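S.K.: This is the structure I want to talk about, given as structure tokens.
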Amino acid sequence: AQSVTQPDIHITVSEGASLELRCNYSYGATPYLFWYVQSPGQGLQLLLKYFSGDTLVQGIKGFEAEFKRSQSSFNLRKPSVHWSDAAEYFCAVGVGDDKIIFGKGTRLHILP
Amino acid sequence: NAGVTQTPKFQVLKTGQSMTLQCAQDMNHNSMYWYRQDPGMGLRLIYYSASEGTTDKGEVPNGYNVSRLNKREFSLRLESAAPSQTSVYFCASSARTGEDEQFFGPGTRLTVL
């Protein structure tokens with residue numbers, strides 16, 4: 001069955017430090033992969049997506065993600081976080097003509 | 001261009017009451033979705049509509065019904081609300097299912113007493 005796993009429920013980093021949020025998926029075919037961000041009290045906003053081609057994808061707000069087929073992973077990275085990056089981050093997998101499956105999310109906390 | 005709009009923003013119901021959550025999009029998208037978000041559970045798909053005139057069950061459809069009124073509007077109805085349906089509900093739309101970015105509304109916070 002298709003699934004998305006975000007192993008870290010909470011992550012805390014200092015402002016200015018680098019960030020990596022992990023995402024692993026289970027899907028038989030080549031997936032469509034997404035990262036969304038949710039600020040408190042808001043809906044979700046797309047950060048970036050991977051469909052095909054270059055496995056390193058650039059997104060908004062300085063985020064990037066790398067698709068690694070051999071590891072079934074799509075980890076999100078940012079070289080230097082800002083206090084405004086504190087939010088909840090969701091990895092998602094598009095399963096063809098059907099629907100998108102979301103992970104349970106990782107809440108990012110930023111220390112000043 | 002408002003994107004995806006949802007009404008109401010907040011609602012409190014008593015057990016057994018009914019209500020309809022409204023959702024509309026102005027992006028001419030084919031696909032629309034209803035999710036619920038609960039702490040630690042992420043987003044769970046309730047129902048979706050891949051195109052006007054079609055609806056399908058998602059992961060957690062029990063206790064809900066939907067109507068794809070036209071291409072713009074997709075409503076979610078709770079016929080007899082239960083405390084387990086206390087949640088934040090999000091509507092989303094996309095050009096196509098499974099492949100395209102989903103655009104989300106601001107959510108409806110529902111409390112069932």
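S.K.: Does any residue of region A:55-67 turn out to be out of contact with any Phe, Trp or Tyr (no Cβ under 9 Å at 6 or more places or on another chain), assigned to a strand (DSSP E or B) and without any contact (Cβ under 8 Å) to a residue 24 or more places away in the chain?
M.R.: Looking for residues that are out of contact with any Phe, Trp or Tyr (no Cβ under 9 Å at 6 or more places or on another chain), assigned to a strand (DSSP E or B) and without any contact (Cβ under 8 Å) to a residue 24 or more places away in the chain, one finds at least one in region A:55-67, hence yes.
S.K.: Further question: Of all residues in region B:68-91, which are at pLDDT 95 or above and aliphatic (A, V, I, L, M)?
M.R.: Of everything in region B:68-91, those that are at pLDDT 95 or above and aliphatic (A, V, I, L, M) turn out to be B:Leu76, B:Leu78, B:Ala81, B:Ala82, B:Val88.
S.K.: On to the next question. Being within 27 Å of A:Ser39 (Cα to Cα) and of a type in the set (A, V, I, L, M, F, W, C): is that true of B:Ala82 here?
M.R.: Answer is no for this residue.
S.K.: Looking at region B:49-113, what strands (runs of 3 or more DSSP E) fall wholly within it and have at least 3 residues that are in contact (Cβ under 8 Å) with a residue 24 or more places away in the chain and more than 13 Å from B:Trp34 (Cα to Cα)?
M.R.: In region B:49-113, the matching strands (runs of 3 or more DSSP E) lie at B:108-112.
S.K.: Since A:Asp97 meets every condition but one in (1) surrounded by fewer than 17 Cβ atoms within 10 Å (Cβ to Cβ); (2) at pLDDT 95 or above; (3) within 14 Å of chain B (Cβ to nearest Cβ), which condition does it not meet?
M.R.: Condition not satisfied by A:Asp97: (2).
S.K.: Also: Could you check, for region B:32-44, whether at least one of its residues is part of a strand (DSSP E or B) and more than 14 Å from B:Phe104 (Cα to Cα)?
M.R.: Scanning region B:32-44 turns up at least one residue that is part of a strand (DSSP E or B) and more than 14 Å from B:Phe104 (Cα to Cα).
S.K.: Now a separate question. Restricting attention to region A:11-33, does a residue exist that is touching a Leu at 6+ places or on another chain (Cβ under 8 Å), under 23 Å from B:Ser93 (Cβ atoms) and not hydroxyl-bearing (Ser, Thr, Tyr)?
M.R.: no
S.K.: While we're on this one: Within region A:49-64, restricting attention to residues that are within 14 Å of chain B (Cβ to nearest Cβ) and surrounded by 12 or more Cβ atoms within 10 Å (Cβ to Cβ), which residue is nearest to A:Phe34 (Cα to Cα)?
M.R.: My answer is A:Lys49.
S.K.: Which of the residues that make up region B:62-88 are within 15 Å of B:Ser49 (Cβ to Cβ), crowded, with 16+ Cβ neighbours inside 10 Å and not charged (D, E, K, R)?
M.R.: Residues satisfying the conditions are B:Tyr64, B:Val66, B:Phe74, B:Ser75, B:Leu76.
The values are calculated or read from the model by the stated rules, or taken from the named source; none is laboratory data. These figures come from a predicted structure and were not determined experimentally. Neighbour counts are summed over all protein chains in view; Cβ atoms, including those assigned to glycine, are modelled from backbone coordinates with ideal geometry.
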